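Asker: Let me give you the structure first, and then I'll get to my questions.
The values are calculated or read from the model by the stated rules, or taken from the named source; none is laboratory data. Computed from a prediction, not measured in an experiment: that's the story for all the values here. Every residue, glycine as well, gets a Cβ built from its backbone with ideal geometry; the counts of neighbours run over all protein chains shown.
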Amino acid sequence: MRDFIERWDFSDVSGRRLLDAIRTTYAFCSDDEIREALGSVARGASSLASHAAAAALCELEGIGDPLATASRLYNESESQMTEPQWFVWIAGYSYNWICNGGLSSCYGDFGDRQFADRIRVYEAIGAIHAASVFHEADRAFGQAGPPLRADQRAAAWTDEIRGKLAALNPRFWACGDEIFTRVFLYSLEHADDFRRR
C-alpha cells in the first residue's frame, strides 16, 4: 500500500480521492493499516505524494480539508479564529499569494498581522525550508530586517530589495509540497479546531 501511495502523483491533490482509491484497491485493509501507510508517506520526504497522504489522513480522521475550513472561518470572523485555524489559513494564503505575486507581494501587500506571522506560522507547522527562505528574504532589508508596519515597508523599498526577493521566489515556490504536507499534519495535531461543523 505504501508503494501505491508513494506513486500517487495527481496534481490536483485530493485527500478524498486518494483515500477512495486506497479503499478500492486495498478493500481488505483496516483503517489502522491505511492510517499507518498514509502516515509513513506523509511524514517522509516532502512530495506530491506526502501532500496527498497528509490530506487523506485528514479525511480519514474526519477533518476534511482544513484549508477550506480555515478559509471559511477567516471569512466569517478573522478575530474569532483559534491560533491553529489562523496558522493554517495564513500558511495556505501566503503561499498562494506569493505564487501569484512573488515574495515582494508579501512584504508589500500583507496586512500587519499577516506580515508579523509570516515566519512564525511556517516554523509552527514545521515547514522549515519555507521559514528559512523568509529569514533570507528578511535580510534583503539589511541587518535591522523589514519594518513591521506596511507603510514603513513601502517607504523602505528599493530596486535592490526587489531584486533580492525576486531571486528567492523559485526557492519559496519549491516549498509548496512541504508547506501543504505540514499544514495537513499540523491540522491533525489540532483536530478539534478543524472537525466538520
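Asker: Which is closer than 30 Å to Ala167 by Cβ and not aromatic (Phe, Trp, Tyr), of Ser14, Ser71, Ser30, Ser105? Let's see the steps before the verdict.
Answerer: Numbers: Ser14 fails: closer than 30 Å to Ala167 by Cβ; Ser71 fails: closer than 30 Å to Ala167 by Cβ; Ser30 fails: closer than 30 Å to Ala167 by Cβ.
It is Ser105.
Asker: Next up: Considering only residues that are modelled with pLDDT of 90 or more and closer than 22 Å to Ala91 by Cβ, which ones fall in the stretch 142-165?
Answerer: Selection gives Gly145, Pro146, Leu165.
Asker: Continuing with this model, one more query. Residue by residue through the stretch 26-71, note down the ones that are without any contact (Cβ under 8 Å) to a residue 24 or more places away in the chain and among the polar types (S, T, N, Q).
Answerer: Ser30, Ser71, listed by residue number.
Asker: Would you confirm whether or not the stretch 128-148 contains a residue that is without any contact (Cβ under 8 Å) to a residue 60 or more places away in the chain and at positive phi?
Answerer: Looking for residues that are without any contact (Cβ under 8 Å) to a residue 60 or more places away in the chain and at positive phi, one finds at least one in the stretch 128-148, hence yes.
Asker: Restricting attention to the stretch 77-95, and to residues there that are at pLDDT below 90 and surrounded by fewer than 16 Cβ atoms within 10 Å (Cβ to Cβ), which single residue is nearest to the chain's Cα centre (by Cα)?
Answerer: Glu78
Asker: For Ser50, work out the one condition from (1) under 25 Å from Met81 (Cα atoms); (2) touching a Gly at 6+ places or on another chain (Cβ under 7 Å); (3) of a type in the set (S, T, N, Q) it doesn't fulfil.
Answerer: Tallying (1) under 25 Å from Met81 (Cα atoms); (2) touching a Gly at 6+ places or on another chain (Cβ under 7 Å); (3) of a type in the set (S, T, N, Q), Ser50 fails exactly one: (1).
Asker: Check whether at least one residue in the stretch 120-142 is among the acidic types (Asp, Glu) and under 17 Å from the mean Cα position of the chain (by Cα), and report yes or no. Explain how you work it out, then say what you get.
Answerer: Restricting attention to the stretch 120-142, the residues satisfying the condition of being among the acidic types (Asp, Glu) are 123, 136, 138.
If we keep only those that are under 17 Å from the mean Cα position of the chain (by Cα) as well, we get 123.
Scanning the stretch 120-142 turns up at least one residue that is among the acidic types (Asp, Glu) and under 17 Å from the mean Cα position of the chain (by Cα).
Asker: Answer with yes or no whether Ser71 is assigned to a helix (DSSP H, G or I), assigned by TED's automatic domain parsing to the domain that holds Cys175 and surrounded by fewer than 19 Cβ atoms within 10 Å (Cβ to Cβ).
Answerer: Values: assigned to a helix (DSSP H, G or I): yes; assigned by TED's automatic domain parsing to the domain that holds Cys175: yes; surrounded by fewer than 19 Cβ atoms within 10 Å (Cβ to Cβ): yes.
Considered against the rule, which asks whether it is assigned to a helix (DSSP H, G or I), assigned by TED's automatic domain parsing to the domain that holds Cys175 and surrounded by fewer than 19 Cβ atoms within 10 Å (Cβ to Cβ), Ser71 comes out as yes.
Asker: Next question, about the same structure. What residue, among those in the stretch 43-75 that are among the polar types (S, T, N, Q) and out of contact with any Cys (no Cβ under 9 Å at 6 or more places or on another chain), is nearest to Asp32 (Cα to Cα)?
Answerer: Ser50
Asker: I want to confirm something. Restricting to the stretch 154-176 and keeping residues that are surrounded by fewer than 16 Cβ atoms within 10 Å (Cβ to Cβ) and over 23 Å from the mean Cα position of the chain (by Cα), which single residue is nearest to Phe115 (Cα to Cα)?
Answerer: Per the criteria, the residue is Ala154.
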